[in-house]
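Q: Before I ask anything, let me first share the structure, which is written out below as structure tokens.
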Amino acid sequence: MRSARGLLIGACAVLAFAGAAQAVTVKQIEDGLVRYMNDGFKCTGLKVVVQTFDDPQAVQEGHLKLVHITVTRADFEGITMHELSLKAYDVKLVVSALLEQNKLLTNRAKNMTMHARFTEAEMNEALKTKKMPIQSFQVHFQDGKLVATGTHRFLVGNQLKMIAHLEPKDDGVHLVAEKVWVNGLPLPVGQLKKIIDKMNPLINLERLPFHPKAKTITIHEQDLEVS
């Protein structure tokens with residue numbers, strides 16, 4: 001009996017050790033998030049900090065108290081973001097998907113905050129990739145608005161000017177035209193819609209971790225901030 005009991009205790013110890021060896025660590029999750037960000041966003045100055053709940057089992061289940069991602073600069077779908085900060089609270093993520101497949105699957109993030117800055121010059125570079133019927137399209141930040149100029153390819157007398165503002169939507173930041181002229185005359189509604197549909201969302205936030213939604217947009221002289 002003693003021998004059998006000793007074998008049983010030894011087997012349990014081995015299993016316990018194996019289970020402990022396979023336990024997911026905070027460092028593994030942080031490294032997984034770093035890989036995910038670098039793979040999708042060409043990051044410079046990337047840092048990831050994870051805070052956990054007191055229950056050790058919560059980490060194994062992907063239940064985290066806080067995930068804080070900061071990036072000095074990130075190239076994101078043609079637009080460069082500066083000073084990106086993402087904080088997600090009470091997060092539940094799928095650990096196996098992150099560590100084994102480099103996928104960020106989240107069941108929930110109870111609350112989150114975000115901040116990023118976009119320069120006027122880099123936004124104009126990104127706009128060159130949009131398939132619009134406007135050539136030499138340039139946006140300038142002025143008095144909290146966007147003033148844009150360009151050349152409409154399909155209209156005679158085709159110098160375009162637009163005054164617009166930015167609005168937060170579920171998928172990111174959208175440009176909303178207030179007034180548009182071609183050679184001093186109002187642009188027809190149908191033509192205007194085609195231009196705007198090609199541009200929006202001006203800044204797409206859906207692919208960012210935890211799917212933040214913009215709430216506040218502040219336009220400065222040479223850049224804009226999204227929070």
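No lab work stands behind these numbers, since they all come straight from the coordinates. No experiment lies behind these values; they were computed from the predicted model shown. All Cβ positions, glycine included, derive from the backbone under ideal geometry; neighbour counts span all protein chains shown.
Q: Would you please list the contacts, defined by Cβ atoms under 6 Å and residues six or more apart or on different chains, that run from a residue in segment 80-106 that is exposed (fewer than 15 other Cβ atoms within 10 Å of the Cβ) to a residue that is aliphatic (A, V, I, L, M) and not in a strand (DSSP E or B)?
A: LYS103/ALA97; LEU105/VAL94; LEU105/ALA97
Q: With the requirement that a residue be without any contact (Cβ under 8 Å) to a residue 40 or more places away in the chain and surrounded by 13 or more Cβ atoms within 10 Å (Cβ to Cβ), what does segment 192-201 give you?
A: First pass over segment 192-201, keeping only residues without any contact (Cβ under 8 Å) to a residue 40 or more places away in the chain: 192-193, 196-197, 200-201.
Residues satisfying the conditions are LEU192, ILE196, ASN200, PRO201.
Q: Return yes when LYS131 is of a type outside the set (Val, Ile, Thr), touching a residue at least 12 places away in the same chain (Cβ under 8 Å), loosely packed, with under 13 Cβ neighbours inside 10 Å and part of a loop (DSSP other than H, G, I, E, B) and no when it is not. Talk me through it step by step, then tell me what you get.
A: Values: of a type outside the set (Val, Ile, Thr): yes; touching a residue at least 12 places away in the same chain (Cβ under 8 Å): yes; loosely packed, with under 13 Cβ neighbours inside 10 Å: yes; part of a loop (DSSP other than H, G, I, E, B): yes.
Against the criterion (of a type outside the set (Val, Ile, Thr), touching a residue at least 12 places away in the same chain (Cβ under 8 Å), loosely packed, with under 13 Cβ neighbours inside 10 Å and part of a loop (DSSP other than H, G, I, E, B)), LYS131 qualifies.
Q: Given the conditions (1) surrounded by 18 or more Cβ atoms within 10 Å (Cβ to Cβ); (2) assigned to a strand (DSSP E or B); (3) out of contact with any His (no Cβ under 8 Å at 6 or more places or on another chain), report the number of the one that PRO212 does not fulfil.
A: (2)
Q: Select from segment 145-193 the residues that are aromatic (Phe, Trp, Tyr) and outside any strand (DSSP E or B) and list them in ascending order.
A: Residues of segment 145-193 that are aromatic (Phe, Trp, Tyr), as a first pass: 154, 181.
Answer for segment 145-193, where residues must be aromatic (Phe, Trp, Tyr) and outside any strand (DSSP E or B): just PHE154.
Q: For segment 114-139, how many residues meet the condition of being farther than 20 Å from LEU84 by Cα and in contact with a Leu (Cβ under 7 Å, 6 or more places away or on another chain)? Break it down stepwise before answering.
A: Applying the first criterion (farther than 20 Å from LEU84 by Cα) to segment 114-139 yields 127-139.
With in contact with a Leu (Cβ under 7 Å, 6 or more places away or on another chain) added as a condition, the list becomes 134, 137, 139.
The qualifying residues number 3.
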